[in-house]
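The values are calculated or read from the model by the stated rules, or taken from the named source; none is laboratory data. The structure displayed is predicted, hence computed values, not measured ones. A quick note on method: Cβ atoms are made from the backbone with ideal geometry, for glycine too, and the neighbour counts reach across all protein chains shown. Areas reflect the complete protein model, heavy atoms only, side chains present, ligands, DNA and RNA absent. Shrake-Rupley method; radii C 1.70, N 1.55, O 1.52, S 1.80 Å.
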Amino acid sequence: MNWIIISDNNDETEALKAVLNKKFKESIVYSISGEEEDIRSSFDIISEATHAVVLSIKNSEAFQFLAGFLCGRAVPVYLSGSQFEDYFEMFPNFVFFKDNEKLLAHLKKNSDKINRDYTKKASFNYLFENGLPFDADHFAEYLVKEEKDKEKQLRNKQILECYLSAGIDINSRDSDGTPLLNVACRAGKLDAVKWLIELGADINASSEDRGYTAVMDAVWKGNKDIAQFLISKGADLNTISKEGQSNLVLAVGGDKTELVKLLAENGADPDVPDAMGMSAYAYAQLFKKEEIVAILEKYHKEQ
């Protein structure tokens, strides 16, 4: 974050610098006078500004030059003093205060939001400049990307953080209608699953294709670690897919004995019928899966 202060009053400038350095710790703060010559000769500094505070300018032409340039770059500009009262409504990125006291109070109170807005804008620009569309498909691509090189792994992580900072919805879906959490489950990415849950992903959202929740995808893929984690976070184990299958039916059908045990022990109902009217317990009996029948026996309710 690069701040530029335009003022002819050294005391006001120093007071403002103190607030900016305290509230925006990683910022660079420049200051120039309100003389037209100084403004024009400092164009390189002004062109790098991400935020500007204007306390005084000697003439209107210099102000119009500055205002037009900063407005074109969508730089937030904070104006203080009656000198600017007739101008600020002309520019959507300008914020006007009648005096410096109100300006300083605003910066102190809203520093967190100003920082967030800047980070969001900078992150979006980074994605754009690197040819990365701001959509769930590309976020999902980096979410499950396999990289052995540590530098590439770090870059992938930075890109994902950029998507987050730029405002990607953690509960968005890819172009196939698959929630990001399900994408991570299908790819067997436990760390990504944990990260998404920590960020607030909906644990029971279902995909458009099969109607699977995240835990159903973990069961389908036979990933006990991911299933166990999702269960520990409260995943619903009795949801039904579009084909009418339950988690236990999927596990029984795939001969996933450990998952059958895990699901049953944590509340999955072995008697829920599928679209064919068959339950997980009934399938286990029909296909003589004796080990699975033994697991489900104590959870089965006699009909």
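Identify the single condition in (1) assigned to a loop (DSSP other than H, G, I, E, B); (2) in contact (Cβ under 8 Å) with a residue 12 or more places away in the chain; (3) not hydroxyl-bearing (Ser, Thr, Tyr) that ILE114 does not satisfy, given that it satisfies every other one.
Result: ILE114 passes all but (1).
Of the residues that sit in segment 153-180 and are under 17 Å from ASN125 (Cα atoms) and outside any helix (DSSP H, G or I), which one is most open to solvent (accessible area, probe 1.4 Å)?
GLY167
Show the residue pairs meeting these rules: Cβ distance below 6 Å; 6+ apart or different chains; first residue within segment 170-197 and over 19 Å from GLU146 (Cβ atoms); second residue open to solvent by 40 Å² or more (accessible area, probe 1.4 Å).
Going by the 6 Å Cβ cut-off, the qualifying pairs are ILE170/LEU199; ILE170/GLY200; ASN171/ASP202; SER175/ASP137; GLY177/GLU208; PRO179/ARG173; ILE197/LYS233.
Which residues, counting only those in segment 6-52, are among the β-branched types (Val, Ile, Thr), open to solvent by 30 Å² or more (accessible area, probe 1.4 Å) and under 16 Å from PHE69 (Cβ atoms)?
Of everything in segment 6-52, those that are among the β-branched types (Val, Ile, Thr), open to solvent by 30 Å² or more (accessible area, probe 1.4 Å) and under 16 Å from PHE69 (Cβ atoms) turn out to be ILE45, THR50.
Here is a list of conditions, (1) on the phi < 0 side of the Ramachandran plot; (2) at pLDDT 95 or above, and ARG155 meets all of them except one; can you say which number that is?
For ARG155, the failing item is (2).
Evaluate segment 11-25: report whether one residue or more is assigned to a loop (DSSP other than H, G, I, E, B) and either in contact with a Leu (Cβ under 6 Å, 6 or more places away or on another chain) or among the polar types (S, T, N, Q) (or both). Walk me through it before giving the result.
First, pick out the residues of segment 11-25 that are assigned to a loop (DSSP other than H, G, I, E, B): 24-25.
Restricting the remaining residues to those that are either in contact with a Leu (Cβ under 6 Å, 6 or more places away or on another chain) or among the polar types (S, T, N, Q) (or both) gives none.
The answer is no, given that none of the residues of segment 11-25 is assigned to a loop (DSSP other than H, G, I, E, B) and either in contact with a Leu (Cβ under 6 Å, 6 or more places away or on another chain) or among the polar types (S, T, N, Q) (or both).
When you check SER82 against the structure, is it open to solvent by 60 Å² or more (accessible area, probe 1.4 Å) and free of Cβ contacts under 8 Å to residues at least 12 places away in the same chain, yes or no? Let's see the steps before the verdict.
On the way: open to solvent by 60 Å² or more (accessible area, probe 1.4 Å): yes; free of Cβ contacts under 8 Å to residues at least 12 places away in the same chain: no.
Against the criterion (open to solvent by 60 Å² or more (accessible area, probe 1.4 Å) and free of Cβ contacts under 8 Å to residues at least 12 places away in the same chain), SER82 does not qualify.
Pick from SER232, SER207: which is touching a strand residue (DSSP E or B) at 6+ places or on another chain (Cβ under 7 Å), at pLDDT 95 or above and either open to solvent by 70 Å² or more (accessible area, probe 1.4 Å) or under 30 Å from LEU160 (Cα atoms) (or both)? Walk me through how you get there before you give the answer.
Numbers: SER232 fails: touching a strand residue (DSSP E or B) at 6+ places or on another chain (Cβ under 7 Å).
Going through SER232, SER207 in turn, just one is touching a strand residue (DSSP E or B) at 6+ places or on another chain (Cβ under 7 Å), at pLDDT 95 or above and either open to solvent by 70 Å² or more (accessible area, probe 1.4 Å) or under 30 Å from LEU160 (Cα atoms) (or both): SER207.
Pick from LYS150, LYS194: which is over 20 Å from the mean Cα position of the chain (by Cα) and surrounded by fewer than 16 Cβ atoms within 10 Å (Cβ to Cβ)? Spell out how you get there, then give the answer.
Working: LYS194 fails: over 20 Å from the mean Cα position of the chain (by Cα).
One residue alone meets the criteria, LYS150.
Name the pairs: first residue in segment 246-269 and on the phi < 0 side of the Ramachandran plot and open to solvent by 10 Å² or more (accessible area, probe 1.4 Å), second residue part of a helix (DSSP H, G or I) and of a type in the set (D, E, K, R), Cβ to Cβ under 6 Å, at least 6 apart or on different chains?
THR257/GLU291; GLU258/LYS224
Name the single residue, out of those in segment 125-147 being among the aromatic types (Phe, Trp, Tyr) and part of a helix (DSSP H, G or I), that is most open to solvent (accessible area, probe 1.4 Å).
Our first condition is that a residue be among the aromatic types (Phe, Trp, Tyr); within segment 125-147, this holds for 126, 128, 134, 139, 142.
Filter once more, so that each one left must be part of a helix (DSSP H, G or I): 126, 128, 139, 142.
Details: TYR126: 77, PHE128: 157, PHE139: 0, TYR142: 23 Å².
Only one residue fits best here, namely PHE128.
Just need a number here: residues in segment 273-302 that are under 43 Å from the mean Cα position of the chain (by Cα), over 13 Å from GLY253 (Cα atoms) and surrounded by fewer than 20 Cβ atoms within 10 Å (Cβ to Cβ). Before you say what the answer is, go through the steps one by one.
Initial filter on segment 273-302 (under 43 Å from the mean Cα position of the chain (by Cα)): 273-281, 283-284, 292, 295-296, 299-300.
Narrowing the set further to residues that are over 13 Å from GLY253 (Cα atoms) leaves 273, 275-277, 295-296, 299-300.
Imposing the further condition that a residue be surrounded by fewer than 20 Cβ atoms within 10 Å (Cβ to Cβ) reduces the set to 273, 275-277, 299-300.
Going through segment 273-302 one residue at a time, the tally reaches 6.
Do the conditions hold for ASP174, that is, is it closer than 23 Å to SER246 by Cβ and of a type in the set (Asp, Glu)?
no
Residue by residue, here is whether (1) part of a loop (DSSP other than H, G, I, E, B); (2) of a type in the set (S, T, N, Q); (3) at pLDDT below 95 holds:
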residue	(1), (2), (3)
GLU258	no, no, no
ALA264	no, no, no
ALA268	yes, no, no
ASP274	yes, no, yes
GLY277	yes, no, yes
LYS288	yes, no, yes
TYR299	yes, no, yes
